[in-house]
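Reviewing the structure listed below.
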Amino acid sequence: MPSLRPPSSPVPGTAFAPRRVRLRAPVAAVLADRLDDVSVVDDAVRLAAARGAPLLLIAVLPPLPPRTAASRPDGAAARAVLGRAMPRVARAGIPHRPAVCHRPAGRDGRLGAAKGLLGVAVAHGCPVLVVSRSGPPGLDACTVMEAAAIRGGPLVHAASPVPWAPLTAPCRPPA
């Protein structure tokens, strides 16, 4: 009896089945419009390249005024925060997409901002978050790690801050 499978198919039933492409989970970089965003993006690009994953660039914005809609990821406020990171992401050639996280208004406790940030990362399916060690209050790496430990994930990578050098006056020629 002749076989119905094509000769090039080593496994029965796979010749005509569509291939499923599994997308990798993105690596999230938390950008808070600070000088430390450069080191956060560098670490996130390294992790994403090693995993073969895209980047999720989370722009941390100030609290929303009452009765206003949340900012869009492609809005002017988010683009302003992401502007410092985009040249490095473009140079790396890694696919990316923006996201927005607003700081909570009022008193949400010590872990309120970190909890909101983790919510955005989990909503986008990020297993790894890169956060600055010296980030803004409530969004520094230690606080986000603590909130992630309470929640049960994702993994938080702490990026070292950029070394600071004091400004110096230009040297005057000897008289």
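The values are calculated or read from the model by the stated rules, or taken from the named source; none is laboratory data. All figures in this text were calculated on a predicted structure; none of them were measured in a lab. Note that we place each Cβ from the backbone using ideal geometry, even for glycine, and neighbour counts take in every protein chain shown. The protein model used for the area step is the full one, side chains on, heavy atoms only, and it has no ligands, DNA or RNA in it. Shrake-Rupley method; radii C 1.70, N 1.55, O 1.52, S 1.80 Å.
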Report summary line: How many residues of segment 140-151 are free of Cβ contacts under 8 Å to residues at least 60 places away in the same chain and closer than 17 Å to V27 by Cα? The answer is 3
**Report entry** Cross-chain or 6+ apart pairs with Cβ under 9 Å, segment 43-60 first and free of Cβ contacts under 8 Å to residues at least 12 places away in the same chain, then surrounded by fewer than 24 Cβ atoms within 10 Å (Cβ to Cβ)
**Finding:** R46/A92
Report summary line: Counting only strands (runs of 3 or more DSSP E) entirely within segment 80-175, those with at least 3 residues that are at pLDDT below 90 and on the phi > 0 side of the Ramachandran plot are none
Query raised in the report: Hey, R46 hits all of (1) touching a strand residue (DSSP E or B) at 6+ places or on another chain (Cβ under 7 Å); (2) modelled with pLDDT of 90 or more; (3) open to solvent by 50 Å² or more (accessible area, probe 1.4 Å) but one; which does it fall short on?
Result: (1)
Report summary line: By residue number, the members of segment 55-73 that are within 15 Å of the chain's Cα centre (by Cα) and open to solvent by 30 Å² or more (accessible area, probe 1.4 Å) are P73
Report summary line: Taking first residues from segment 73-84 that are in contact (Cβ under 8 Å) with a residue 40 or more places away in the chain and within 21 Å of D36 (Cβ to Cβ) and second residues anywhere that are of a type in the set (G, A, S) and part of a loop (DSSP other than H, G, I, E, B), the pairs with Cβ under 8 Å that are 6 or more apart or on different chains are V81/A32
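Residues are listed down the side, and each one gets a yes or a no for (1) under 14 Å from P62 (Cα atoms); (2) surrounded by fewer than 16 Cβ atoms within 10 Å (Cβ to Cβ):
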position	(1), (2)
M86	no, yes
A92	no, no
G112	yes, no
V128	no, no
Report task. Determine which single condition A77 fails, assuming it passes every other condition in (1) aliphatic (A, V, I, L, M); (2) in a strand (DSSP E or B); (3) surrounded by fewer than 19 Cβ atoms within 10 Å (Cβ to Cβ). Result -> (2)
**Report entry** Matching entry among A147, A141, A121 (being of a type outside the set (F, W, Y), buried (at least 16 other Cβ atoms within 10 Å of the Cβ) and touching a helix residue (DSSP H, G or I) at 6+ places or on another chain (Cβ under 8 Å))
**Finding:** A147
Query raised in the report: Do we have I58 as in a strand (DSSP E or B), at pLDDT 80 or above, under 23 Å from D43 (Cα atoms) and not polar (S, T, N, Q) here?
Result: yes
